[in-house]
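The values are calculated or read from the model by the stated rules, or taken from the named source; none is laboratory data. Just so we're clear, the structure is a prediction, and the values are computed from it rather than from any experiment. Every residue, glycine as well, gets a Cβ built from its backbone with ideal geometry; the counts of neighbours run over all protein chains shown. Areas reflect the complete protein model, heavy atoms only, side chains present, ligands, DNA and RNA absent. Shrake-Rupley method; radii C 1.70, N 1.55, O 1.52, S 1.80 Å.
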Amino acid sequence: MQLSEDQLAAIRVRLEDDGPRLDLAQRLRERGDPRGEFIELQCAAARSDDDHDARDELTARADALFAAHEDEWHHELGLRLGEATWARGFVDAVSLAPGRVAAIGERLARGAPVRALHLRGLEKDAEALASVLRDPLLSVVTALDLCADRNDVGPAGARALARATHLTQLRELRLRDNEIFEAGGHDLARATHFSGLTKLDLRSCQVGTDGVRALAAATHLAGLRELWLGGSFFDNNSNPCRDAGVFALAAASHLKGLVTLDLQWSEVRLPGARALAAAPQFADLRELWLGASHLGPLGAKAVAIGLPNLTLLDLYDNGIGAKGLRALVRRLKHLRTLDLSHNDIGIDGVKAIADAESLAGLRQLWLAYNNLGDEGATELSLADQLTQLRLLDLRNTGIGPSGVEDLLEEAWLSRLECLLLDANRLGNTAAKALAKATHMTRLKELRLRGTGFGPEGARHLASAPHLAGLRELLVDSNPIGDEGVAALLSAPWPRLRLLVLGAGGITDEGVRLLAGAPLLAGLAGLDINRNKIGDAGMRALAAGRLDALTELWCAGHALSAAGVAALAAAPHLRRLARLHLDSPRLSSEELRPLVRAPWLSSLHQLRCGARCYPEDFEPALSELHAVAPDLQII
């Protein structure tokens, strides 16, 4: 299907409106083109957010139609499998290396309403970025994302963006993990052609206090709705904005449209929190991220008093305790997401949650790394006002078997979609309790990592038909062994897309069972890292139906060249985008069989340990790049 200029323009002008798409879909259906039905199905699924069953049915029908025609529809635009994300019937976003932008950028600009470009494989090459910015595709996309493994275009990359004055249509710019430093922050602050930006993501970019001051003073950024300036644990508090940067933001009266502000790991202290809360332009702020700011109970109280309209509040590792939590729940009436991880809230804090009618609308509650124990879980079970909860995070909270049993039997958890129980000594009890919790029919993600989960627990999960809707199951770092794998596979798991079985004592026999299981054909992600798998297991896996697999983790195994050759010859890996093969024993000789893999050109990233010692992997690296020049090898 070739879009005319008028059809493409109509969709771009009304990008959020289904009207032009559905008009085209009707004409396509009238002439028997299956693309028309695909457009209608994806549009209908996008409108069905609140009706989970209807959305799932529509998505499944659209996926089946797409699978039958994806080669043709990708080929029309010069795309490879795995490079595009389709939404509402058309390519919405593409993930491309610079060479691929040069090859198909103009074709995409003329042939699809592409909204977003994720640029990968830049590493530190600011000149490559500057070249991409001149491509015709950059004249039509409204979102540019440079966040990718090993992308770090530095201050020179920020300067290239600041000089690309033609990018006036950009609405979203993501630079996370590109260390542009203060100089880059100043360059972006001077780039008046970014006056249309509604989202700017500079997380872990090290722009520092001076860079934040410059950005805060840039009045052309008055249209921002989201501003992400925080860092992460891995930044080692390198160049945070600190209170001085927050004071500049608090004085930026033009930022009155801001809805989301991220200042995680930015060394914001009590004075900064008070200034933020007192700034009149932030009175309608909805989402605030202040993780690892150590604000204490007074900081929590200041935020609650000054920012009463928050719907999301991240206070990870702020030491607010039960006192600070009580201040929050007394004043914040609109919260949908609350992160209280690592705050030493104790039993009194859990009681405050259970008693807080103000939290009745909560959708996500994060309580990880608080020492709650069984008593805390039992107290939490009394929070029957939390009937809207979709996500509950209880990782590493000291909960044991009796506590998890008390909690999971509560009917108010019936809407829960994501349950995180990692690093608690639960044994098989959590799985047994879940099998009995027939009210939990909406669960989509279950994490039982490092909980002592074994074959008995696997049998309990597999016996529960109400858990058939699981999309993601993570049970790694548990002694499940081959027996546990067999038990899990006794259930069909028709909707499972991610299965994590790492460090589970699984042998070649367990992998053989997995390779023959029907669920394998639906998996997009499979993690079998750090098990006891050899060449025989890899041969069995490679022969399995891996049609949907986009990411495979099989690091830490003693594979020879024969095992890697079996994987390379796998007939159903054409969608594989990321492969993890890291192993102390892996060398150039073991890696070389991948050169002959028919799916190599579609692979985006190969992790094999070559980052630290590239010379140990020659000549394999050169041979791989000769076949797949855009492949990122780490």
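General observations
- Cβ-based charge dipole, the chain, positive-most Cα from 44, 276, 421: 276
- Dipole magnitude (debye, nearest 20) for the stretch 105-147, charges at Cβ of Lys, Arg, Asp, Glu: 200 debye
- Oblate is the label for the stretch 396-509. Its Cα gyration tensor axes, ordered a ≥ b ≥ c, give a/c of at least 1.5 and b/c at or above a/b.
- Accessible surface of the stretch 196-340 [probe 1.4 Å, protein heavy atoms]: carbon and sulfur percent: 53 percent
- Residue-averaged 222 nm ellipticity for the chain, from DSSP H runs of 4+ at -39500 (n - 2.57), nearest 500: -11000 deg cm²/dmol
- When you restrict to C-alpha pairs under 8 Å that are six or more residues apart and normalise by the size of the stretch 200-350, the relative contact order lands at 18 percent.
- Taking all Cα-Cα distances within the stretch 516-588, those exceeding 14 Å account for 57%.
- About the centre of its Cα atoms, the stretch 1-58 shows a dipole size close to 360 debye [charges on the beta carbon of Lys, Arg (+1) and Asp, Glu (-1) only; nearest 20 debye].
- Remark: relative contact order (the chain) = 5 percent; criterion is Cα-Cα distance under 8 angstrom and separation of 6 or more residues.
- Checking every one of the trypsin sites (Lys or Arg not before Pro) in the stretch 496-603 against DSSP loop status and a limit of 11 other Cβ atoms within 10 Å picks out 585.
- Inter-centroid distance (Cα atoms) of the stretch 211-289 relative to the stretch 499-534, Å: 44 Å
- Debye intensity ratio in log₁₀ form over the Cα atoms of the chain, taken at each q of 0.08, 0.11 Å⁻¹: -0.67, -1.35
- Only one residue of 198, 228, 185 has its Cα farthest out toward the positive end of the dipole of the stretch 174-233, where Lys and Arg carry +1 and Asp and Glu -1 on Cβ, and that residue is 198.
- For the stretch 523-580, the relative contact order is 45 percent, taking Cα pairs closer than 8 Å that sit 6 or more residues apart in sequence and dividing their mean separation by the residue count.
- Note on the stretch 278-358: with charges restricted to the Cβ of Lys and Arg (+1) and Asp and Glu (-1), its dipole about the Cα centre is near 280 debye.
- Accessible surface area normalised per residue over the stretch 201-344 is 36 Å², counting heavy atoms of protein chains with a 1.4 Å rolling probe.
- Relative frequency of Cα-Cα separations exceeding 22 Å in the stretch 334-478, percent: 30 percent
- Whether the stretch 22-143 is rounded, prolate or oblate, judged on the alpha carbon gyration tensor where a/c under 1.5 counts as rounded: prolate
- Inter-part distance where the stretch 562-589 and the stretch 5-50 are each reduced to a Cα centre, Å: 39 Å
- Each Lys or Arg adds one and each Asp or Glu takes one away; over the other residues whose Cβ falls under 15 Å from the Cβ of residue 333, this sums to +3.
- The three principal axes of the C-alpha atoms in the stretch 360-438 carry coordinate ranges of 30, 27, 19 Å, sorted with the longest axis first.
- Global geometry of the stretch 292-368, whether rounded, prolate or oblate, following the gyration tensor of its Cα atoms and the 1.5 cut on a/c: rounded
- Candidates per trypsin sites (Lys or Arg not before Pro) in the stretch 23-127, loop by DSSP, up to 12 other Cβ within 10 Å: 31
- Farthest towards the positive end of the charge dipole of the chain, among the residues 246, 511, 392, is the Cα of 246, using unit charges on the Cβ of Lys, Arg, Asp and Glu.
- Per residue, the stretch 47-103 exposes 47 Å² of solvent-accessible protein surface, assessed with a 1.4 angstrom probe and all protein chains in place.
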